[in-house]
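As structure tokens, the structure follows; a few thoughts come after it.
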Amino acid sequence: MSFDRSLARCSFCGRHTSEVRRMIAGPGAAYICDECLQICNDILHDPTPFSTQALELASRPPVVIAAPQALGLERPAHSAEPTRSITLEIEQKQQGMTLILHQLHYFEDYFELHYLWIRPPLMAGFSFVPRIIFFLKDNTGAQWTGERGGMLLARPELASGPNNAVYQGNARFKPLPNREARVLTIRAADPLGQFEETPPQPWHYDVHLTV
Ligand SMILES: [Zn+2]
């Protein structure tokens, strides 16, 4: 299959050849730019298994290559201000892990759940991106599942010591709850927990939505 090299985009960040200093071609339509290569090099030299950079890289949206036209919307719009925010600050602990639901942010046609996950550090050589999966239900019967917990960032500066690691995540759900919704039931599970000798129970929260 032929590929028009003028359409080349870095497979890691989506930038075009004209936007980077160097672009290295891989097989097929795979490319990597000098800056993303530098990030990979930094990750290789970082002894921590899930550095902020490694998680950021792993959680980037997929790059669409050789699209007929520039999509123009590759980068998520983080500038949007929530139309409404609800502070939750509820935490639950189980089997050495704590999940803190921090806030709900409502936007025009979706809402986000911001959370912190405190757990023992993941072992070096661990090759999964850790995730929390969410299942939400309100009292009117509406249900949501998140984007596998959304983006997760390591926040080493929040950890209280070497025996815990803090990850910050946002999970996005669409559409917004009904106006009649009063109670939002949030269940969360660590999908890797299934490998534990005693698999953890899903976290379970009932959030009361005020009008
Ligand atoms: Zn790049």
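Based on Cα atoms of the range 84-208, Rg over Rh with Rh as the Kirkwood radius reads 0.97.
Here the range 5-58 yields Rg over Rh of 1.02, to two decimals, using C-alpha coordinates and the Kirkwood radius. The range 142-209 and the range 30-47 have Cα centres spaced 30 Å apart.
Residues whose amide H lies under 5 Å from that of residue 88, counting only those 5 or more places away or on a different chain, are 103, 104; hydrogens are built 1.01 Å from N in the peptide plane.
Every number here is computed from the coordinates shown, using simple stated rules; none is lab data. What you are looking at is a predicted structure, and each value in this text was computed from that prediction instead of being measured.
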